[in-house]
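Okay, so here's the structure we're looking at.
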Amino acid sequence: MESSLEIRFHGRGGQGVVTAANLLAEAAGLEGLFSSAFPIYGAERRGAEIESYCRISNSQIRETSPIEEPDVVVILDPTLLKISNPLQGLKRDGKVVINWKGNPPVLSGKLYVVDATGIAISLNLVKSGWPLVNILMLGALVKVIGMPSLDSLKKAIDSEFSGNVADLNKKAVEIAFERTKEVEQIVA
């Protein structure tokens, strides 16, 4: 990595967007990289739109402002495409990693999809009726950006969770990693 990689996560309150950014930063730190993660909250309630940010770099990170021109956008809840513009500011050669089932949307950037909701449900990673897709999306993201390693991500998961929850999340990131696919898009 030559410079800083900037990642913006989009989801809803209760989906673990903040935890995802923090775990990614921790996994990067395990590989000797500098990282920074922080959220921006709107209305602090379950279901409200939430953004979280992660910067990863070979050198010390001093910037603490929200990421307005991300290299990568991670969308945990695809319904956000209907109510806001999570792709706003995405760099021209940016990547989009989205939780999606079925025919993928046509979006700007290189598009990567994974049915994180389906995987979460199949593994019974559900809390209060909500599929827990945040950690799964990290498996997809790691595949797309090529770092940190899946092993470092699993170590970060072990530091955040324990027992069966940790084991299920580690299995989930492996499955998401395997099932994430790049979508060829024809943009007019």
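Only the coordinates and a few stated rules stand behind these numbers; no lab work does. Predicted model only: the values in this text are computed from it and were never measured. Neighbour counts run over all protein chains shown; Cβ positions are idealised from the backbone, glycine included.
Below are the figures for this structure:
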item	result
Contact order normalised by residue count of the range 5-183, Cα under 8 Å, 6+ apart, percent	22
GNM top mover of S59, S108, S128 - the chain, alpha-carbon springs below 10 Å	S128
GluC sites (Glu not before Pro), loop per DSSP, at most 12 other Cβ atoms within 10 Å - longest free stretch of the chain	69-183
Residues R62, R179 arranged by fewest to most Cβ contacts within 10 Å	R62, R179
Residue order, fewest to most surrounding Cβ atoms within 10 angstrom, among D167, D71, D93	D93, D167, D71
